[in-house]
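All remarks here apply to the structure that follows.
The values are calculated or read from the model by the stated rules, or taken from the named source; none is laboratory data. For clarity, every value in this text was computed on a predicted model and none was experimentally measured. Positions of Cβ are generated from backbone atoms using ideal geometry, with glycine treated the same way; all protein chains shown enter the neighbour counts. SASA here: full protein model, heavy atoms, side chains in, ligands and nucleic acids out. Shrake-Rupley method; radii C 1.70, N 1.55, O 1.52, S 1.80 Å.
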Amino acid sequence: MKEVVLYDYWRSSASYRVRIALNLLGIDYTTVPVNLLEGAHRRPDYLALNPQGLVPTLVIDGKTLTQSLSIIEYLAELRPECGLLPSDILDRQHVRALAYAIAMDIHPICNTHVVAHLMTIVDETDAREEWMKHFISDGLHRLEAVLDKLDGQFSFGDAPTMADLCLVPQVYNARRWGVDMSGLKRIVDIDSRCAQLPAFQAAHPDRAKP
Ligand SMILES: N[C@@H](CCC(=O)N[C@@H](CS)C(=O)NCC(=O)O)C(=O)O
C-alpha cells in the first residue's frame, strides 16, 4: 500500500472519527495538520485537495477522499471483516442511523464556520457557549433515547462500529463545552468502554495535537 496521509485538525471531530477507523483497521498513516484556527483549510493548497475546505481529507491508494463518513464506509467496504459496518443489511441501516444522528443532526449546526457566523449576528458574548451546549445536549439526549432501546456493550452490539466512531468524538466535544452528561448514562458507558481500546486512545485529540 502507498503511503496513507490524513489531513486533519487535532480537535476536529470529523478527523477524530477517521483516526479511530484507521487505527482499528491497523492502517499506518501519517498526518498533515490543517490548522482551522489559522484558516489553513481555506488556503489554495488545501482547497486544491478538498474544494469544500473542510477536514478531514484522506489520501489512500493514490486516491483523495473527503467526507468522514464516506471515508469510513470506504474503509469498511475495503475490510468488511473489521465490522465497522455489520454484514446484515438491516443492522447496517441501524448503525448508519446512529452515526447520522450525530454526523448529520448535531455536528453540522455546531461547526466552526456556523458558530463563527452566529457570533457576527448576535451581541451576547456567551452566545457561542450557549449554542454549543444547547444543540449538543439536545442531540445527545435524543440519541440516548434511541440507544436505551438497544442492548450491547457498544452503540450497536458488542464491538465498535461506525456509530461509536461518531459518538466518542461528539462526547469529547460535549465535555469540552461543559455539557451536563448526568442524564446520558448509556452514552457515558459506551464512551468509557471505547476509551479502554488502544485504537480509540491513539486517536484522542490530546495524542493527535501537533
Ligand atoms: N461532513 C463533513 C464535515 C467536515 C467538517 O465540518 N469538518 C470541520 C471540523 S470537524 C471543519 O473542517 N470545519 C471548518 C469550518 O467550519 O470552517 C465530514 O464529515 O467530513
### Subset of region 175-209 [among the polar types (S, T, N, Q) and either under 18 Å from the mean Cα position of the chain (by Cα) or closer than 17 Å to GLY152 by Cβ (or both)]
SER192, GLN196, GLN201
### Task
Pull up region 60-104, narrow it to residues that are within 12 Å of the ligand (Cβ to nearest atom) and assigned by TED's automatic domain parsing to the domain that holds ASP164, then point me to the one that is farthest from ILE187 (Cα to Cα).
MET104
### Query
Looking only at region 68-97, which residues are out of contact with any helix residue (DSSP H, G or I) (no Cβ under 6 Å at 6 or more places or on another chain), under 22 Å from VAL4 (Cα atoms) and assigned to a helix (DSSP H, G or I)?
SER70, GLU73, TYR74, ALA76, GLU77, LEU78, PRO80, GLU81
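Might you check whether a residue that is closer than 18 Å to GLN93 by Cα, outside any loop (DSSP other than H, G, I, E, B) and assigned by TED's automatic domain parsing to the domain that holds ASP105 occurs anywhere in region 147-161?
Yes, region 147-161 has at least one match.
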### Qualifying positions in region 34-43 - under 18 Å from the mean Cα position of the chain (by Cα) and open to solvent by 20 Å² or more (accessible area, probe 1.4 Å)
ASN35, LEU36, HIS41
### Query
Does GLU144 satisfy the condition of being open to solvent by less than 30 Å² (accessible area, probe 1.4 Å) and either part of a loop (DSSP other than H, G, I, E, B) or in contact with a helix residue (DSSP H, G or I) (Cβ under 6 Å, 6 or more places away or on another chain) (or both)?
yes
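This table checks each residue for (1) assigned to a strand (DSSP E or B); (2) buried (at least 19 other Cβ atoms within 10 Å of the Cβ); (3) touching a helix residue (DSSP H, G or I) at 6+ places or on another chain (Cβ under 8 Å); (4) outside the structural domain of PRO108 (by TED's automatic domain parsing).
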| residue | (1), (2), (3), (4) |
| --- | --- |
| ALA14 | no, yes, yes, yes |
| VAL18 | no, yes, yes, yes |
| ALA21 | no, yes, yes, yes |
| LEU24 | no, yes, yes, yes |
| VAL32 | yes, no, no, yes |
| ALA48 | no, no, no, yes |
| PRO51 | no, no, no, yes |
| VAL55 | no, yes, yes, yes |
### Query
Could you say whether any residue in region 118-131 is of a type in the set (Phe, Trp, Tyr) and either part of a helix (DSSP H, G or I) or not assigned by TED's automatic domain parsing to the domain that holds ALA174 (or both)?
yes
### Message
I'd like the full set of residues that are over 15 Å from the mean Cα position of the chain (by Cα) and surrounded by 16 or more Cβ atoms within 10 Å (Cβ to Cβ), limited to region 76-96.
### Response
ALA76, CYS82, GLY83, LEU85, PRO86, ARG92, HIS94
### Query
Which pairs do you get when a residue that is free of Cβ contacts under 8 Å to residues at least 60 places away in the same chain and more than 17 Å from LEU25 (Cβ to Cβ), found in region 151-172, comes within reach of a residue that is open to solvent by less than 10 Å² (accessible area, probe 1.4 Å) and of a type in the set (A, V, I, L, M, F, W, C), reach meaning Cβ atoms under 7 angstrom, with the pair 6+ apart or on two chains?
VAL171/ILE187
### Query
Residues of region 189-201 being open to solvent by less than 40 Å² (accessible area, probe 1.4 Å) and touching a residue at least 40 places away in the same chain (Cβ under 8 Å), which ones?
ILE190, CYS194, ALA199, PHE200
#### Entry: Verdict on ARG186 being open to solvent by less than 40 Å² (accessible area, probe 1.4 Å), over 21 Å from TYR9 (Cα atoms), assigned to a helix (DSSP H, G or I) and not β-branched (Val, Ile, Thr)
yes
